[in-house]
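Here's the structure, in structure tokens; my notes come after.
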Amino acid sequence: MTNTIPTLPEWSAEEVEQRLLPELLQWSLANGGTIYPPGFNINQAEALTMTLFPTPLPRKALEKAVRVQTTYNELYARIAQDKNGWLSEVTEQLANFDANFTGRLWKLYLEAQAIGISQKIGLGVFRSDYLLDADSGDLKQVEFNTVSVSFAGLSTKVGAVHNFLNESGKYSRNGGRFYESEVPISESAFLLPRALASAADKYNSLTGSRDTIVAFIVQRGERNVVDQRILEYNLFERQGVKSVRLMLHEVHERTRLDPITKRLYLTSTGQEIAVVYFRTCYSPQDFASEQDWKNRLSLELSYAIKAPNLLTQLSGTKKVQQLLSEEAVLAKFLPADRRSDIGATFVNLYPLDDSPLGKEGKRLALEMPERYVLKPQREGGGNNIYKEDIPAFLGTIPEEEWNGYVLMELINPKLNENVLVRGQELFQEPLISELGIYGTILFSDEEIYSNDYAGWLLRSKLPSSNEGGVAAGFGCVDSMVLY
Ligand code: ADP
Ligand code: MG
Ligand code: MG
């Protein structure tokens, strides 16, 4: 049987604007599919930029990405356990090329280690991102994120609004379903909080504490607050766990670290913090002062379970991703029968050093840059150098520093017709969609306690933009119709 790809409902531009747009926007306002605009005040959230329709995705592709997620979780947990010192060695090298950030995090880790890391258990809240390669039809990995992965809350909202518009007959002309195949709703908004709660449970079982809380460490001026709040509310409503939002620069004033037990308390209430969940600290801009670095260190030193701890965060560099694409490196962490599934999701990645592979990378970067993207050790979008810009960019930095970057083959994704809705603006265009699979894993330096798939995210962007940052306005949150 060949599965036919669902097409868009045929509505005129006027009908879309007058009938469908209010349905989408008002469902979102009523149910919290919202985000703050730039320069917002607190009472001013607006509907998230999203697609009007779910994007067709082959069921097999989703199933495959879901299936490999627990292997990916385990792979990154094993790297972060750093038993053979592999991550330490890689990161120490990298620190030479990126002293400002990777180097700073590494130094902080060494400092914590010298003082003594009391909590050996960490929680990974990960997201593996993929594009669907147009030629092979296979999912290819863009990157693996190990810190502050976002949109787990809002992904569920966008799936829910698309599902509602389909089930309630709003997409169709006859009041029936438009899409016969499934318009699923991501469970990420519930599964991430479940992982936070189980980390708190683990903490409680070790300390005998009760009524402990989770601290969300968040950015100043964060616009994506609702995405985080959805997790907070589900954490409380479904798991019965309370939480507090703290900004990094407030940590030393609002928390107290017991010098003997290393337990962390919220000063104002005396509540004990079992889990520290980072939605910041992933970019150099998140550290505005030396105090901020000190605060990050004291969180690392506390007995609270970090999501993620520094080593887990450092396992997610682009450099690690590049090294894992070398079979011999991957073999250090996974047996052969578990390597093939995830190996199939890799595209070619190159270092830019003096190794044979690095020399090849340099040649490709200079001779055929149009097929590649150059990536520094950064997160959060907007940092990469694309195609023809690569040689000129490399020309501006000394060759010894090129090794701070990785060169990655560009994935050529299939486009899907959709309508991107940004406020009242509509862009009807073929879009590029990036699938993210969330995964959570609770592990110590010795043991893995639980390892789970935790929902999905589909983000779409206009092909004219190299990057798809939703907050930056280039991209939006989407959902899927499976075929
Ligand atoms: P970040 O950690 O900043 O999110 P990414 O590696 O995800 O960095 O790159 C940002 C964006 O650039 C991706 O969301 C994707 O749109 C685009 N991109 C990155 N790598 C590739 C690639 N190999 N092929 C095609 N597009 C890519
Ligand atoms: Mg990233
Ligand atoms: Mg990314």
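The values are calculated or read from the model by the stated rules, or taken from the named source; none is laboratory data. Note that the structure is predicted; figures quoted are calculated from it, not measured. Because the Cβ atoms are built from the backbone with ideal geometry, glycine has one as well, and the counts that use them run over all protein chains shown. Quick note on the areas: whole protein, heavy atoms, side chains included, nothing else; ligands and nucleic acids left out. Shrake-Rupley method; radii C 1.70, N 1.55, O 1.52, S 1.80 Å.
General observations
- Residues that are under 21 Å from TYR282 (Cα atoms) and more than 15 Å from ligand 2 (Cβ to nearest atom) within region 375-404 comprise ILE385, ASN403, GLY404, listed in sequence order.
- Residue-level check: of (1) of a type in the set (S, T, N, Q); (2) within 20 Å of ARG371 (Cα to Cα); (3) within 14 Å of ligand 3 (Cβ to nearest atom), ASN403 misses just (3).
- Subset of region 434-466 (residues that are more than 22 Å from TYR203 (Cβ to Cβ), aromatic (Phe, Trp, Tyr) and within 16 Å of ligand 3 (Cβ to nearest atom)): TRP456
- Those helices (runs of 4 or more DSSP H) of region 272-351 in which 2 or more residues are under 30 Å from ILE390 (Cα atoms) occupy 310-314, 318-324, 327-333, 336-343.
- Hits in region 8-18 (condition: in contact (Cβ under 8 Å) with a residue 12 or more places away in the chain and open to solvent by 100 Å² or more (accessible area, probe 1.4 Å)): GLU17
- Of everything in region 339-359 that is open to solvent by 70 Å² or more (accessible area, probe 1.4 Å) and not hydroxyl-bearing (Ser, Thr, Tyr), the residue that is nearest to ligand 2 (Cβ to nearest atom) is ASN348.
- Options GLY137, GLY153, GLY124, GLY116; residue that is more than 16 Å from ligand 3 (Cβ to nearest atom) and either of a type in the set (Val, Ile, Thr) or in contact with a Phe, Trp or Tyr (Cβ under 8 Å, 6 or more places away or on another chain) (or both): GLY124
- Within region 249-301, tally of residues that are of a type outside the set (Lys, Arg), under 30 Å from THR317 (Cα atoms) and open to solvent by 40 Å² or more (accessible area, probe 1.4 Å): 9
- Some residue of region 94-105 being of a type in the set (Ser, Thr, Tyr), crowded, with 21+ Cβ neighbours inside 10 Å and within 16 Å of ligand 3 (Cβ to nearest atom): no
- Residues that are under 22 Å from VAL251 (Cβ atoms), part of a loop (DSSP other than H, G, I, E, B) and open to solvent by less than 30 Å² (accessible area, probe 1.4 Å), drawn from region 184-221: SER209, THR212
- Of the numbered criteria (1) in a helix (DSSP H, G or I); (2) open to solvent by less than 80 Å² (accessible area, probe 1.4 Å); (3) within 16 Å of ligand 1 (Cβ to nearest atom); (4) among the charged types (D, E, K, R), the one GLU379 fails is (1).
- Meets criteria (under 22 Å from GLY436 (Cβ atoms) and modelled with pLDDT of 95 or more) for SER136: no
- All conditions in (1) under 27 Å from ASN41 (Cβ atoms); (2) away from ligand 2 (no atom under 16 Å from the Cβ) hold for ASP133, with the sole exception of (1).
- If only residues of region 19-48 that are open to solvent by 40 Å² or more (accessible area, probe 1.4 Å) and assigned to a helix (DSSP H, G or I) are counted, the one that is nearest to ILE230 (Cα to Cα) is ASN31.
- Residue satisfying condition, being among the hydroxyl-bearing types (Ser, Thr, Tyr), in a helix (DSSP H, G or I) and at negative phi, within set SER181, SER150, SER88: SER88
- Flag: ALA160 does not match the condition of being at pLDDT 95 or above, more than 16 Å from ligand 1 (Cβ to nearest atom) and buried (at least 24 other Cβ atoms within 10 Å of the Cβ).
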